[in-house]
Amino acid sequence: MIDPAAVDLARLQFAITALYHFIFVPLTLGLTFLLVIMETVYVMTGKQIYRDMTKFWGKLFGINFALGVTTGLTMEFQFGTNWAYYSHYVGDIFGAPLAIEGLLAFFLESTFVGLFFFGWDRLSKVGHLTVTCLVAIGSNLSAVLILIANGWMQNPVGAEFNPVTMRMEMTSFWDLVFNPAAQAKFVHTVSSGYVTASVFVLGISSWYLLKGRDLEFARRSFRIAAAFGLASALSVVVLGDESGYAVTEHQKTKLAAMEGMWKTEEAPAGLTVFGIPDEANRTNHAEVKIPYLLGLIATRSNDTVLPGIDQLEVTLKKRIESGIIAVAALERMRKNKADVEAAELFSAHKVDMGYGLLLKKYTEDVTQATPEMLMQAVGDAIPPVAPLFWSFRIMVALGIAFIALFAIAFWSSAKNSFEKKPWLLRWALWFIPMPWIATQVGWIVAEVGRQPWTVHGVLPTHLSVSSVTSGEVMLSLAGFFTFYTLLLVAELYLMFKYARLGPSSLGTGAYHFESSGGMTKGAVSAPVPKKEY
């Protein structure tokens, strides 16, 4: 039997490494396009300050990129160390976009990152802008390929199980690429990265304005971040709705858990704004609902019923029973390849084979599963309600707050009044960590909501692991946690250091610490000569 502790530790290790990695990724995704905007203005106007803005924010991008790459490289090795059966079973499909990402996008991005930093005095203005654009394209191309792989785990299309090889095999690469779940996830994820970078630039620029230093630099950075951030925050909402619609289509159990829908409601279902899920009694306390709204958003109709957990459990029980037939037929086919009756049974029930495999957690021979085991497997197939319910609401609340922040910042930029609103500047400054919280809880919704599957409806998580002991996983988990924490400390130290120095770190002689005679803490800002700009 499989060691449950080893499975839980392997999941914990991948979750920790993924969450650490995604501290760095969204800032990289968003900063690249902000750099493109700033450098484009520099090329079009020839104003030196936009070149300085590109170089300074590019320096912070470089720190984040270097440390983020390090955290990402180790994740792929875990597929071999902790998830060997998963790699064997679906590697032909899942590995394709990852291989393309490594060969194309990652090398494109890494190569041009070098030219971005060392090409300022060697390339023409347009040539360097082209390099910056390619960095942005490369980083976002990496994201789309990784999310194609992840989207396939949420909605496995373009692949079929081969009973001869006992593996999943690709039937259509383009179905994999144009998987609706992957496309919705990509645009939603990269938009959240743009929001992260916009809040980052907006917040640090606000700090400079509050301190009364590097004012022209900060004003221009604030305006660009406000405009780009507003467009990005609105995109997150629109594209998040598309991602939610994809969940309704392909992962009904995830939607029911997110909404705490214990019972099926008449169409259109109401949206729970607030509530306290009680999983033991299968109810929500202090529930506040908006009638009809969930049904209208999730199904885009007023007469489509959204199944609650009670109805989904009935469906899951039937699929597990059908899956038992598929697994049993497959065993007969392995013993006798000429068994026509078994082949016909398998063909009729193969779509539910993954559900039959859920019982492997409780018995090696699924045909001997007891009614109690069957109901345990049904319960396993519903993701945990409370983590999804709260994570989703935190993400949505922060998304609304981002729109409000950027809308006010953009309006104030248009009116040239943001410097007269210290409360807005402080809001932007103290809100810098919030996009990271939003993206982290967003991933919790996506990945905890996929449980108990590594590949939804195809391969249960408990069957995907390697034959390693819990002690071995614990050892590597401790190593990863220590190493990643050191990287995060290094990131925070360098980010704080260069953010405090500001554009003075460029050594142009035109900014705060340089103009006031050295890098003395608390030095008085000196006015920057207008001729510089």
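The values are calculated or read from the model by the stated rules, or taken from the named source; none is laboratory data. The model shown is predicted, which means the values in this text are computed figures rather than measured ones. Cβ coordinates were reconstructed from backbone atoms using ideal geometry, including for glycine residues, and neighbour counts include every protein chain displayed. What goes into the accessible areas is simple: the full protein's heavy atoms, side chains included, and nothing from ligands, DNA or RNA. Shrake-Rupley method; radii C 1.70, N 1.55, O 1.52, S 1.80 Å.
Tabulated results
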{"item": "Counted residues, the range 115-128 - those being part of a helix (DSSP H, G or I) and either open to solvent by 30 Å² or more (accessible area, probe 1.4 Å) or touching a Lys or Arg at 6+ places or on another chain (Cβ under 7 Å) (or both)", "result": "5"}
{"item": "Subset of the range 464-477 [surrounded by 18 or more Cβ atoms within 10 Å (Cβ to Cβ) and of a type outside the set (V, I, T)]", "result": "S464, S466, S476, L477"}
{"item": "Residue that is least open to solvent (accessible area, probe 1.4 Å), among those in the range 321-371 that are within 22 Å of Y85 (Cβ to Cβ) and acidic (D, E)", "result": "D352"}
{"item": "Total residues in the range 129-156, condition of a type in the set (V, I, T) and open to solvent by 40 Å² or more (accessible area, probe 1.4 Å)", "result": "3"}
{"item": "Selection count where residues are under 30 Å from V351 (Cβ atoms) and aromatic (F, W, Y), scope the range 436-487", "result": "2"}
{"item": "Filter result for F107 (part of a helix (DSSP H, G or I), at pLDDT 85 or above and either aliphatic (A, V, I, L, M) or farther than 21 Å from L176 by Cβ (or both))", "result": "no"}
{"item": "Output for the range 410-431, where each listed residue is buried (at least 17 other Cβ atoms within 10 Å of the Cβ), among the hydrophobic types (A, V, I, L, M, F, W, C) and out of contact with any Gly (no Cβ under 7 Å at 6 or more places or on another chain)", "result": "F410, F418, L424, L425, W427"}
{"item": "Matching entry among A490, A478 (being in a helix (DSSP H, G or I) and either under 30 Å from F56 (Cα atoms) or touching a Lys or Arg at 6+ places or on another chain (Cβ under 6 Å) (or both))", "result": "A490"}
{"item": "Helices (runs of 4 or more DSSP H) wholly inside the range 177-293 that include at least 2 residues being at pLDDT 90 or above, assigned by the TED database to the domain that holds S412 and over 22 Å from S391 (Cα atoms)", "result": "180-211, 215-250"}
{"item": "Options V247, V273, V238: the member that is touching a strand residue (DSSP E or B) at 6+ places or on another chain (Cβ under 7 Å) and β-branched (V, I, T)", "result": "V273"}
{"item": "Residue that is nearest to V25 (Cα to Cα), among those in the range 38-75 that are assigned to a helix (DSSP H, G or I), in contact (Cβ under 8 Å) with a residue 24 or more places away in the chain and open to solvent by 50 Å² or more (accessible area, probe 1.4 Å)", "result": "K59"}
{"item": "Count - residues of the range 377-409 that are crowded, with 16+ Cβ neighbours inside 10 Å and over 18 Å from T439 (Cβ atoms)", "result": "10"}
{"item": "Residue list for the range 83-114, filter: open to solvent by less than 30 Å² (accessible area, probe 1.4 Å), β-branched (V, I, T) and in contact with a Leu (Cβ under 9 Å, 6 or more places away or on another chain)", "result": "V90, I93"}
{"item": "Any hit, the range 299-309, residues being open to solvent by 20 Å² or more (accessible area, probe 1.4 Å) and closer than 18 Å to F161 by Cα", "result": "no"}
